[in-house]
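What follows is a single structure, written as structure tokens, with notes after it.
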């Protein structure tokens, strides 16, 4: 079978660190081109300044991975869909829920695969955690996602702008795991969002959710963590506690701890190839919906200014 | 056929002004009870202080209309669903999108009808507007929804609290019409929300949407309008302009103007009876999704304090 010729649009940090190695490590794909107005691209790979240029003059592509900030995602996505190209959307899949719904309709109409990629769902501990929890009674869930924004998002202005999600940019990774591993849907009961006085997006948030059987789910998000970072989920059940640490990579069950390798983007691209070969899409907006609910329903507090 | 025995939960202004007359005017229903902790109910109708009381001791009911503020809607809704009771949700159907999704799942499981009621969709001009627009090319849409909050929401503290939506409480009525009459989905491009410095919800908003064919949709929401009120939607098309005025009641087409009677709540209850008799649900969350997107994506401005 011929490899799927894929172009990466938006060749920033996440594309270089994750997408390029994952594509090069999967024989189902060949990296056909890169697109960015700001950047020189990669040695030996055709580069275009815009998606327009690529689609008009560039090498033929079967698929596109969109790695731009979410605020400009929709227009690029429709351009690609119009050309009948399969589409991989980095998380979050858009700046709004309605635009992602509109993309679903368009992808179905054109008959291409649309993939809303949630990389944390492919962390090593997530699939076994989901399997183990399927049989359990959930008593309580605690999510602690605390990191140093200066380390992980240095100088990323878009992330602080409306639509950039602020601390929910990493927080949505936790929500993508928890929506995937818990056996029941859950929804927001209460939220406090903490915004620096000079920024439009939260630097911290405290959220209380509840699942449909009444289990409490608490989430603590903070971008002001220095020293050790925390990306931990603890689920208390009738059969003991499950802990996912290091963003889902390390799973601890009552029976012991499993340390997995980092397989997130390899898993995403394997899934994308399966979707394309099978003529299917996978667009789960539930993590973004929970974030939108937090902005809709949450109380806001202002805190001191943040400077990079 | 026996009438559907229905109870109203939350017997405030909207229940007295609209639900009671609509139920009494429809022979498919009989008003079996009212529920409110704050209020004495109606002459000659059994009254309970809580839904718990009604379900435990009250007269048997087949259906419930939930007219409480959205922040307390979910718990009451699940109580009712657990008892196998059909459910009518006043707009907005919940304080968050995820809780409405959870209610859908529960209603399907229990096998009862769930109806997310959007009363403005039943305004006299809306159905003919939808039919007329189905054939047209949409060029531009303008929504102007300006009213005096002191007249329409006197002393309603909940409407200014997180989850109460502020000026989107009336604005969502416009969105419920526009999502219904336009032939294509649309999504937010940009929004400014204006919040009084002493309130948690917006008093005004300016929103730009676009439909999937590129037509611009502009929305102007303001709660500070004194004098004549505006609830108008103008759709420019290749066959001339359509105007819905007075919240959807008055339709003007290039061929002339039609003044309809107020049939909104009569229409809602006719629809609810049809859903129950047919064993179906109708839960369209697209208006609330657009509002959540506005809170997620919008820029906030602070304005002078608002006092009732």
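Normalised by 2.2 N^0.38 Å, where N is the number of residues, the alpha-carbon radius of gyration of region A:187-308 equals 1.32.
Going by a ≥ b ≥ c, the root eigenvalues of the Cα gyration tensor, does chain B fall in the rounded group (a/c under 1.5), the prolate group (a/b larger than b/c) or the oblate group? Because a/c hits 1.5 or more and a/b exceeds b/c, chain B counts as prolate. Axis of helix A:73-82 versus longest Cα principal axis of chain A: the two differ by about 40°, to the nearest ten degrees. Taking label positions 7 Å along the Cα-Cβ direction at both residue A:259 and residue A:2, the computed distance is 4.4 nm, reported to one decimal. Over every Cα atom in the protein assembly as shown, the radius of gyration and the widest Cα-Cα span, Dmax, amount to 25.3, 83 Å. Summarising the label geometry, the points placed 7 Å from Cα in the beta-carbon direction at residue A:105 and residue A:218 lie 4.2 nm from one another.
Let's test the formula: R0 of 45 Å, r as the Cβ-Cβ distance of residue A:225 and residue A:282. What FRET efficiency results, to the nearest 0.05?
0.90
Placing a label point 7 Å from Cα along the Cα-to-Cβ axis, residue B:2 is separated from the same position in the other copies by 6.7 nm, shortest listed first.
A label point on residue B:190, set 7 Å along the Cα-to-Cβ line, lies at 3.8 nm from each of its counterparts in the other copies, closest listed first. Counting Cβ atoms of other protein chains within 10 Å of each Cβ in A:91-102 and taking the mean gives 6.
Beyond 14 Å, the tail of the calculated P(r) for region B:1-54 holds 49 percent of the Cα pairs. FRET efficiency for the pair residue A:13 and residue B:305, taken as 1/(1 + (r/R0)^6) with r the Cβ-Cβ distance and R0 = 35 Å, rounds to 0.20. Taking the longest Cα principal axis of chain B as reference, the axis of helix B:97-110 is set at about 40 degrees.
Note on region A:154-207: Cα-only Rg and Dmax are 12.8, 40 Å.
Give me A:190, A:238, B:293, B:52 sorted ascending by neighbouring Cβ count inside 10 Å, so fewest comes first.
Sorted ascending by nearby Cβ count, the order is A:238, B:52, A:190, B:293.
Peptide A:185-192 has a mean shielding of 5, counted as Cβ atoms of other protein chains within 10 Å of each residue's Cβ. Derived from the Cα gyration tensor, the three semi-axes of the equivalent ellipsoid of region A:110-210 are 27, 19, 13 Å, largest first. Counting, for every residue in B:159-171, the Cβ atoms of other protein chains within 10 Å of its Cβ and taking the mean gives 2. Looking at the protein assembly as shown, send over the antiparallel percent of its DSSP beta bridges, to the nearest 5. Bridges in the protein assembly as shown are about 55 percent antiparallel.
Contact order for chain B, expressed relative to its length and based on alpha carbon pairs under 8 Å spaced 6+ residues apart, stands at 20 percent. In chain B, the longest principal axis of the Cα atoms and the axis of helix B:168-181 are about 80 degrees apart. Note on chain B: helix-only mean residue ellipticity at 222 nm, from DSSP H runs of 4+ residues weighted -39500 (n - 2.57) and normalised by residue number, equals -8500 deg cm²/dmol. Using a Debye calculation, one point per C-alpha and no hydration shell, please list log10 I(q)/I(0) for region B:4-116 at q = 0.11, 0.14, 0.24 Å⁻¹ in order. Log10 of I(q)/I(0), two decimals: -0.30, -0.50, -1.50. Peptide packing for A:84-91, A:241-248, B:222-229 was compared via the average number of neighbouring C-beta atoms within 10 Å per residue; ordered from the highest value, the list is A:84-91, A:241-248, B:222-229. Sorted shortest first, the distances from the residue B:135 label point to those of the same residue in the other copies are 6.3 nm; each point sits 7 Å from Cα along Cα-to-Cβ. Region A:115-159 and region A:279-308 have Cα centres separated by 14 Å.
Read-outs: derived from the displayed coordinates by stated rules, not from any lab. What you see is a predicted model, and the numbers here were worked out from it, not measured in a lab. All Cβ positions, even for glycine, are placed from backbone atoms using ideal geometry, and neighbour counts span all protein chains on display.
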